[in-house]
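The structure appears right after this line, and notes come after that.
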Amino acid sequence: MTILSNVDIEKEIGLNIAIYPFSKQKLRSASYNLTVSKLAWNLETKQSIYDINTNKITIVKGSTALIQTNEAVWVSNKVAGTYHSKVALVSKGLSHIGTTLDPEYIGVSLITVHNYGNEDIILIAEKDTFVSLIFYYVVTEASILQGSNLPGKREVLQGFTVTQDENNWLDEDFRNIPDQLKLKLNECPDFQKIFEGRKLENEKIKNEAEIKFKLERQKRISKIKYISSLFCFFFLMGLLLYLSFNKDELEKKPWYDLAVNSVYTVLFVIPASLLAKAFNDLK
(Lines give C-alpha, C1' and ligand atoms only; values in the text may rest on other atoms or scores of the structure.)
Protein backbone atom coordinates (compact mmCIF):
# COMPACT_ATOMS: atom_id res chain seq x y z
CA MET A 1 0.00 0.00 0.00
CA THR A 2 1.06 3.59 -0.66
CA ILE A 3 0.37 6.39 1.81
CA LEU A 4 -1.47 9.37 0.33
CA SER A 5 0.13 12.77 0.86
CA ASN A 6 -1.92 15.95 1.19
CA VAL A 7 -1.47 16.44 -2.55
CA ASP A 8 -2.86 12.94 -3.21
CA ILE A 9 -5.79 13.49 -0.85
CA GLU A 10 -6.69 16.73 -2.62
CA LYS A 11 -6.55 14.90 -5.96
CA GLU A 12 -8.84 12.15 -4.68
CA ILE A 13 -11.30 14.25 -2.66
CA GLY A 14 -14.67 14.04 -4.37
CA LEU A 15 -13.49 11.09 -6.49
CA ASN A 16 -12.25 8.14 -4.41
CA ILE A 17 -12.49 9.96 -1.07
CA ALA A 18 -15.29 12.06 0.40
CA ILE A 19 -15.18 13.86 3.76
CA TYR A 20 -17.85 16.12 5.20
CA PRO A 21 -17.36 18.61 6.64
CA PHE A 22 -14.05 19.11 4.77
CA SER A 23 -11.48 21.75 5.71
CA LYS A 24 -7.94 22.16 4.37
CA GLN A 25 -6.91 23.33 7.85
CA LYS A 26 -7.33 19.74 9.03
CA LEU A 27 -5.27 18.39 6.16
CA ARG A 28 -1.71 17.45 7.11
CA SER A 29 1.23 16.35 4.97
CA ALA A 30 0.09 12.70 5.01
CA SER A 31 -3.15 12.58 7.02
CA TYR A 32 -6.46 14.25 7.82
CA ASN A 33 -7.45 15.20 11.38
CA LEU A 34 -10.94 14.23 12.50
CA THR A 35 -13.03 16.19 14.99
CA VAL A 36 -15.08 15.08 17.99
CA SER A 37 -18.84 15.30 17.52
CA LYS A 38 -21.53 15.84 20.12
CA LEU A 39 -22.13 12.11 20.26
CA ALA A 40 -19.97 10.60 22.99
CA TRP A 41 -20.64 8.10 25.77
CA ASN A 42 -19.01 6.64 28.86
CA LEU A 43 -18.38 2.92 28.34
CA GLU A 44 -19.19 1.97 31.93
CA THR A 45 -22.34 4.06 32.47
CA LYS A 46 -23.41 4.02 28.80
CA GLN A 47 -24.53 7.62 29.28
CA SER A 48 -23.66 10.66 27.19
CA ILE A 49 -20.59 12.66 28.27
CA TYR A 50 -21.54 15.70 26.16
CA ASP A 51 -22.61 18.86 27.99
CA ILE A 52 -25.08 20.82 25.89
CA ASN A 53 -24.53 23.95 27.96
CA THR A 54 -20.78 24.15 27.40
CA ASN A 55 -20.59 22.20 24.11
CA LYS A 56 -17.82 20.12 25.69
CA ILE A 57 -17.08 16.42 26.07
CA THR A 58 -15.44 15.32 29.29
CA ILE A 59 -13.44 12.09 29.46
CA VAL A 60 -13.14 11.53 33.20
CA LYS A 61 -9.80 10.22 34.44
CA GLY A 62 -9.74 6.43 34.55
CA SER A 63 -12.76 6.15 32.23
CA THR A 64 -13.28 4.85 28.70
CA ALA A 65 -15.18 6.91 26.15
CA LEU A 66 -16.82 6.09 22.83
CA ILE A 67 -16.79 9.13 20.52
CA GLN A 68 -18.30 9.56 17.09
CA THR A 69 -16.27 11.67 14.67
CA ASN A 70 -17.97 14.79 13.41
CA GLU A 71 -16.79 13.99 9.90
CA ALA A 72 -18.49 11.40 7.72
CA VAL A 73 -16.03 9.60 5.44
CA TRP A 74 -16.42 7.50 2.32
CA VAL A 75 -13.66 5.74 0.39
CA SER A 76 -13.87 3.70 -2.81
CA ASN A 77 -12.58 0.15 -3.20
CA LYS A 78 -9.24 1.65 -4.29
CA VAL A 79 -8.56 3.28 -0.92
CA ALA A 80 -8.19 2.12 2.70
CA GLY A 81 -7.14 3.89 5.88
CA THR A 82 -5.87 3.66 9.45
CA TYR A 83 -6.70 5.78 12.48
CA HIS A 84 -3.89 7.13 14.64
CA SER A 85 -3.54 8.98 17.95
CA LYS A 86 -2.64 12.64 18.24
CA VAL A 87 0.56 13.12 20.28
CA ALA A 88 -0.86 16.10 22.17
CA LEU A 89 -3.68 13.99 23.61
CA VAL A 90 -1.63 10.85 24.23
CA SER A 91 0.82 12.97 26.23
CA LYS A 92 -2.09 13.92 28.50
CA GLY A 93 -2.86 10.26 29.19
CA LEU A 94 -5.31 9.38 26.44
CA SER A 95 -4.87 5.84 25.13
CA HIS A 96 -3.41 4.98 21.76
CA ILE A 97 -5.83 4.71 18.83
CA GLY A 98 -5.30 1.93 16.30
CA THR A 99 -8.07 0.78 13.99
CA THR A 100 -8.78 0.53 10.28
CA LEU A 101 -10.90 2.11 7.57
CA ASP A 102 -11.97 -0.54 5.06
CA PRO A 103 -12.50 0.15 1.36
CA GLU A 104 -16.08 1.22 0.53
CA TYR A 105 -16.71 2.43 4.10
CA ILE A 106 -19.33 5.15 4.51
CA GLY A 107 -20.24 7.12 7.61
CA VAL A 108 -18.88 8.64 10.79
CA SER A 109 -16.33 6.67 12.82
CA LEU A 110 -16.79 5.45 16.37
CA ILE A 111 -13.49 5.81 18.24
CA THR A 112 -12.85 4.27 21.67
CA VAL A 113 -10.28 5.90 24.00
CA HIS A 114 -9.29 5.49 27.64
CA ASN A 115 -8.06 8.27 29.90
CA TYR A 116 -5.04 6.93 31.80
CA GLY A 117 -4.11 10.38 33.07
CA ASN A 118 -4.63 11.95 36.48
CA GLU A 119 -6.94 14.66 35.16
CA ASP A 120 -10.13 14.83 33.15
CA ILE A 121 -9.65 15.51 29.45
CA ILE A 122 -12.03 18.04 27.94
CA LEU A 123 -12.70 18.41 24.22
CA ILE A 124 -14.86 21.00 22.47
CA ALA A 125 -17.45 19.36 20.21
CA GLU A 126 -17.20 20.07 16.48
CA LYS A 127 -13.94 21.98 17.03
CA ASP A 128 -11.19 19.90 18.65
CA THR A 129 -9.52 17.17 16.63
CA PHE A 130 -8.62 13.91 18.38
CA VAL A 131 -7.63 11.36 15.73
CA SER A 132 -5.61 11.38 12.50
CA LEU A 133 -6.77 9.38 9.51
CA ILE A 134 -4.12 8.15 7.08
CA PHE A 135 -5.24 7.03 3.61
CA TYR A 136 -3.61 4.35 1.45
CA TYR A 137 -3.96 3.14 -2.11
CA VAL A 138 -4.58 -0.59 -2.07
CA VAL A 139 -2.43 -2.71 -4.41
CA THR A 140 -5.47 -4.49 -5.84
CA GLU A 141 -9.01 -3.11 -5.67
CA ALA A 142 -10.93 -4.67 -2.79
CA SER A 143 -13.53 -7.30 -3.71
CA ILE A 144 -15.10 -7.59 -0.22
CA LEU A 145 -17.64 -4.95 0.77
CA GLN A 146 -17.47 -3.35 4.21
CA GLY A 147 -19.81 -6.01 5.56
CA SER A 148 -22.77 -5.80 7.89
CA ASN A 149 -21.32 -3.08 10.13
CA LEU A 150 -23.57 -0.06 10.20
CA PRO A 151 -22.11 3.43 9.61
CA GLY A 152 -20.80 4.75 12.92
CA LYS A 153 -20.72 1.22 14.35
CA ARG A 154 -24.37 1.49 15.44
CA GLU A 155 -24.36 -2.16 16.49
CA VAL A 156 -21.76 -1.34 19.18
CA LEU A 157 -24.12 1.21 20.73
CA GLN A 158 -26.72 -1.37 21.68
CA GLY A 159 -27.64 -0.70 25.33
CA PHE A 160 -26.24 2.85 25.30
CA THR A 161 -28.46 5.85 25.93
CA VAL A 162 -28.90 7.32 22.45
CA THR A 163 -31.42 10.15 22.15
CA GLN A 164 -33.78 10.62 19.23
CA ASP A 165 -31.81 13.68 18.12
CA GLU A 166 -28.62 11.61 18.14
CA ASN A 167 -30.31 8.85 16.14
CA ASN A 168 -31.61 11.44 13.67
CA TRP A 169 -28.07 12.81 13.33
CA LEU A 170 -26.69 9.35 12.63
CA ASP A 171 -29.51 8.59 10.19
CA GLU A 172 -28.95 11.58 7.90
CA ASP A 173 -28.57 10.42 4.31
CA PHE A 174 -25.11 11.83 3.71
CA ARG A 175 -23.76 9.81 6.66
CA ASN A 176 -25.09 6.59 5.13
CA ILE A 177 -25.18 6.97 1.34
CA PRO A 178 -21.99 7.66 -0.68
CA ASP A 179 -23.69 9.70 -3.42
CA GLN A 180 -25.40 11.89 -0.83
CA LEU A 181 -22.08 12.43 0.97
CA LYS A 182 -20.44 13.50 -2.31
CA LEU A 183 -23.26 15.99 -2.88
CA LYS A 184 -22.88 17.32 0.66
CA LEU A 185 -19.16 17.76 0.07
CA ASN A 186 -19.99 20.40 -2.56
CA GLU A 187 -21.15 22.70 0.24
CA CYS A 188 -17.61 22.99 1.63
CA PRO A 189 -15.82 26.17 0.43
CA ASP A 190 -12.40 24.49 0.51
CA PHE A 191 -13.63 21.66 -1.70
CA GLN A 192 -15.20 24.16 -4.10
CA LYS A 193 -11.78 25.80 -4.50
CA ILE A 194 -10.16 22.41 -5.14
CA PHE A 195 -12.91 21.53 -7.63
CA GLU A 196 -12.53 24.84 -9.50
CA GLY A 197 -8.75 24.40 -9.58
CA ARG A 198 -9.26 20.87 -10.90
CA LYS A 199 -11.54 22.15 -13.67
CA LEU A 200 -9.00 24.81 -14.68
CA GLU A 201 -6.21 22.22 -14.73
CA ASN A 202 -8.35 19.87 -16.86
CA GLU A 203 -9.15 22.73 -19.24
CA LYS A 204 -5.45 23.55 -19.46
CA ILE A 205 -4.59 19.93 -20.25
CA LYS A 206 -7.41 19.80 -22.80
CA ASN A 207 -6.26 23.02 -24.48
CA GLU A 208 -2.65 21.84 -24.57
CA ALA A 209 -3.77 18.55 -26.12
CA GLU A 210 -5.83 20.40 -28.75
CA ILE A 211 -2.90 22.70 -29.59
CA LYS A 212 -0.55 19.72 -29.85
CA PHE A 213 -3.05 17.92 -32.11
CA LYS A 214 -3.39 20.97 -34.37
CA LEU A 215 0.37 21.38 -34.62
CA GLU A 216 0.86 17.71 -35.44
CA ARG A 217 -1.92 17.88 -38.03
CA GLN A 218 -0.33 20.99 -39.57
CA LYS A 219 3.00 19.21 -39.72
CA ARG A 220 1.39 16.23 -41.45
CA ILE A 221 -0.25 18.53 -44.00
CA SER A 222 3.04 20.38 -44.54
CA LYS A 223 4.82 17.07 -45.02
CA ILE A 224 2.29 16.05 -47.66
CA LYS A 225 2.74 19.42 -49.38
CA TYR A 226 6.50 19.05 -49.22
CA ILE A 227 6.43 15.56 -50.72
CA SER A 228 3.94 16.70 -53.37
CA SER A 229 6.18 19.64 -54.24
CA LEU A 230 9.18 17.35 -54.54
CA PHE A 231 7.22 15.00 -56.78
CA CYS A 232 6.11 17.92 -58.93
CA PHE A 233 9.67 19.25 -59.06
CA PHE A 234 11.21 15.96 -60.17
CA PHE A 235 8.40 15.33 -62.63
CA LEU A 236 9.00 18.70 -64.29
CA MET A 237 12.76 18.13 -64.26
CA GLY A 238 12.20 14.83 -65.99
CA LEU A 239 9.90 16.49 -68.52
CA LEU A 240 12.46 19.23 -69.15
CA LEU A 241 15.24 16.68 -69.66
CA TYR A 242 13.02 14.78 -72.09
CA LEU A 243 12.34 17.93 -74.09
CA SER A 244 16.04 18.84 -74.07
CA PHE A 245 17.33 15.39 -75.10
CA ASN A 246 14.77 15.25 -77.89
CA LYS A 247 15.15 18.88 -78.99
CA ASP A 248 16.23 18.06 -82.54
CA GLU A 249 13.16 15.95 -83.05
CA LEU A 250 10.64 18.08 -81.14
CA GLU A 251 11.68 21.70 -81.74
CA LYS A 252 9.93 21.68 -85.09
CA LYS A 253 6.64 21.12 -83.31
CA PRO A 254 4.60 24.32 -82.95
CA TRP A 255 4.06 23.73 -79.24
CA TYR A 256 7.71 23.01 -78.35
CA ASP A 257 8.86 26.50 -77.35
CA LEU A 258 5.67 27.12 -75.39
CA ALA A 259 6.09 23.81 -73.57
CA VAL A 260 9.72 24.49 -72.64
CA ASN A 261 8.95 28.02 -71.42
CA SER A 262 5.98 26.78 -69.43
CA VAL A 263 8.02 24.02 -67.79
CA TYR A 264 10.74 26.52 -66.82
CA THR A 265 8.13 28.88 -65.36
CA VAL A 266 6.37 26.18 -63.36
CA LEU A 267 9.65 24.54 -62.35
CA PHE A 268 11.39 27.57 -60.93
CA VAL A 269 8.48 29.63 -59.69
CA ILE A 270 5.70 27.42 -58.30
CA PRO A 271 7.64 24.41 -56.87
CA ALA A 272 10.33 26.66 -55.42
CA SER A 273 7.79 28.70 -53.46
CA LEU A 274 5.89 25.59 -52.36
CA LEU A 275 9.10 23.89 -51.23
CA ALA A 276 10.20 26.93 -49.29
CA LYS A 277 6.82 27.28 -47.51
CA ALA A 278 6.50 23.57 -46.79
CA PHE A 279 10.07 23.45 -45.46
CA ASN A 280 9.38 26.40 -43.12
CA ASP A 281 6.18 24.72 -41.85
CA LEU A 282 8.15 21.59 -41.03
CA LYS A 283 10.53 23.48 -38.75
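The values are calculated or read from the model by the stated rules, or taken from the named source; none is laboratory data. Just so it is clear, the model here is predicted, and its values are computed rather than measured. Cβ: placed from backbone, ideal geometry, glycine included. Neighbour counts: every protein chain shown. We work out accessible area using only protein heavy atoms, side chains counted, and drop any ligands, DNA or RNA first. Shrake-Rupley method; radii C 1.70, N 1.55, O 1.52, S 1.80 Å.
Based solely on its DSSP helices, what 222 nm [θ] is calculated for the chain when runs of n ≥ 4 H residues each add -39,500 (n - 2.57) and the sum is averaged over all residues, nearest 500 deg cm²/dmol? It lands at -13000 deg cm²/dmol. First select every other residue whose beta carbon is under 13 angstrom from the beta carbon of LEU181; then total the charges, Lys and Arg +1, Asp and Glu -1. Summing Lys/Arg as +1 and Asp/Glu as -1 gives -3. In summary, the chain shows an alpha-carbon radius of gyration equal to 1.94 times the 2.2 N^0.38 Å reference for compact globular proteins. List the lysines whose Cα sits under 22 Å from the Cα of LYS204, skipping any in the same chain fewer than 8 residues away. Straight-line reach from LYS204, under 22 Å: LYS11, LYS193, LYS212, LYS214.
Accessible area per residue for the chain is 59 Å², calculated with a 1.4 Å probe on protein heavy atoms, without ligands, DNA or RNA.
Using Cβ point charges alone (K and R +1, D and E -1), the dipole size of the stretch 89-150 about the Cα centre works out to roughly 120 debye. Protein-only accessible surface at a 1.4 angstrom probe places the residues ILE49, ILE111 in the order ILE49, ILE111, largest first. Dipole orientation for the stretch 116-190: of the candidates THR140, PHE130, LEU183, THR140 has the Cα lying most toward the positive pole (charges on Cβ; Lys, Arg +1; Asp, Glu -1). Less than 5 angstrom separates the built amide H of LYS56 from those of ASP51, ALA125, all sequence-distant by 5 or more or on a different chain.
The charge dipole of the chain, taken about its Cα centre with unit charges on the Cβ atoms of Lys, Arg (+1), Asp and Glu (-1) only, comes to about 1200 debye. Would you work out which of THR2, VAL36, PHE22 lies farthest towards the positive end of the dipole of the stretch 1-46, given +1 charges on the beta-carbon of Lys and Arg and -1 on that of Asp and Glu, about the Cα centre? Of the options given, the answer is VAL36.
Ranking CYS232, SER95, PHE195 by Cα position along the charge dipole of the chain, where only Lys, Arg, Asp and Glu carry charges on their C-beta atoms, puts CYS232 farthest toward the positive end.
In terms of the mean number of neighbouring beta-carbon atoms within 10 Å, the peptides 248-259, 222-233 order highest first as 222-233, 248-259. For the chain, the fraction of 1.4 Å probe accessible surface lying on carbon and sulfur atoms is 57 percent.
Here the Karplus relation 6.51 cos²θ - 1.76 cosθ + 1.60, evaluated at θ = phi - 60°, turns the backbone of the stretch 105-121 into coupling constants of 6, 9, x, 6, 10, 8, 10, 9, 9, 10, 8, 8, x, 9, 9, 5, 10 Hz, with x for every Gly and Pro.
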